[in-house]
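Beneath this line is the structure, given in structure tokens, with notes to follow.
The values are calculated or read from the model by the stated rules, or taken from the named source; none is laboratory data. These numbers were taken from a predicted model, which means no experiment stands behind them. For neighbour counting, all protein chains shown are included, and Cβ atoms are generated from backbone atoms with ideal geometry for every residue, glycine included.
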């Protein structure tokens, strides 16, 4: 039992009304406490973890980690960096497994942001910080599920990062069977299907966004019916290429607005109204097209003869066009 542990134990006992317990009683309590922990481990009620403090340089990211490590920055990890610095250490261990590489003996399954934060602190005047890891024995499929469970509800991992991870996993671990994968992850097939659909966005569409972190599952749902129609698909891909090349800074919402605008049918040019009259000094009938309808306008005080002549001119023109 460490001196620090003894001090904590003493502090707890010192707050009791009966006063400090005799040294023999404290020793007995510690022995009983230790015996209980041994019994709990033996019974399987408590699982012993293999925690250790390591140099982050001894760790590499699992190549199928669901977070894009290259997108981590000081800015998007600032909350974690400040938290670790404030606490004086990393509170929650990353999950790793052993590798055969003597230079990097640990592979990070969960904990990419923690790894980045510790590396950043060590490189910025805090060399005392070390990386806390929980060493596990895991298969690739177990590692995938563990990473998914840890990050599924986190907002700092994007829909598209998750979608790419699922797309790889459904083939690699579940033989391409979405139903089997959904059951293993304990999610609905419909929910999983939406993310798999997101992973199928054409590369041109993905490149139109400033970052994959801006691509949402909703975007794939919105574009799916248009990508299924050859004419609309061509419009979307051409628009995406233009956005990727024009260098204009757009966020995800603005990118989608450009796509939606490209899919709108062109506004038909308004045709000038046609005028029919028997002679320049006589009242005229004005003809305007509105969709599939024709609207005729004429002065309310036009005489019957003048109106008859103007309407006759309109009829002759209208049906001559129809006959052609």
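Remarks
- Being farther than 25 Å from residue 186 by Cα, surrounded by 14 or more Cβ atoms within 10 Å (Cβ to Cβ) and in contact (Cβ under 8 Å) with a residue 12 or more places away in the chain is a property that holds for residue 107.
- Checking residue 187 against (1) without any contact (Cβ under 8 Å) to a residue 40 or more places away in the chain; (2) surrounded by 13 or more Cβ atoms within 10 Å (Cβ to Cβ); (3) not in a loop (DSSP other than H, G, I, E, B), the condition it does not meet: (3)
- Residue check for residue 164: out of contact with any strand residue (DSSP E or B) (no Cβ under 8 Å at 6 or more places or on another chain), surrounded by fewer than 16 Cβ atoms within 10 Å (Cβ to Cβ) and under 30 Å from residue 99 (Cβ atoms): no
- Selection count, segment 193-239, where residues are touching a residue at least 60 places away in the same chain (Cβ under 8 Å) and part of a helix (DSSP H, G or I): 2
- Residue list for segment 154-168, restricted to those being in contact (Cβ under 8 Å) with a residue 40 or more places away in the chain and closer than 14 Å to residue 143 by Cα: 165, 168
- Criterion: surrounded by fewer than 16 Cβ atoms within 10 Å (Cβ to Cβ) and either touching a helix residue (DSSP H, G or I) at 6+ places or on another chain (Cβ under 7 Å) or within 27 Å of residue 164 (Cα to Cα) (or both) - qualifying residue of 207, 220: 207
- Screening segment 264-313 for strands (runs of 3 or more DSSP E) wholly inside it with 1 or more residues that are touching a helix residue (DSSP H, G or I) at 6+ places or on another chain (Cβ under 9 Å) and at pLDDT below 85 returns the ranges 274-276, 285-290.
- Of all the residues in segment 220-254, those that are within 20 Å of residue 157 (Cα to Cα) and either over 19 Å from the mean Cα position of the chain (by Cα) or at pLDDT 95 or above (or both) number 0.
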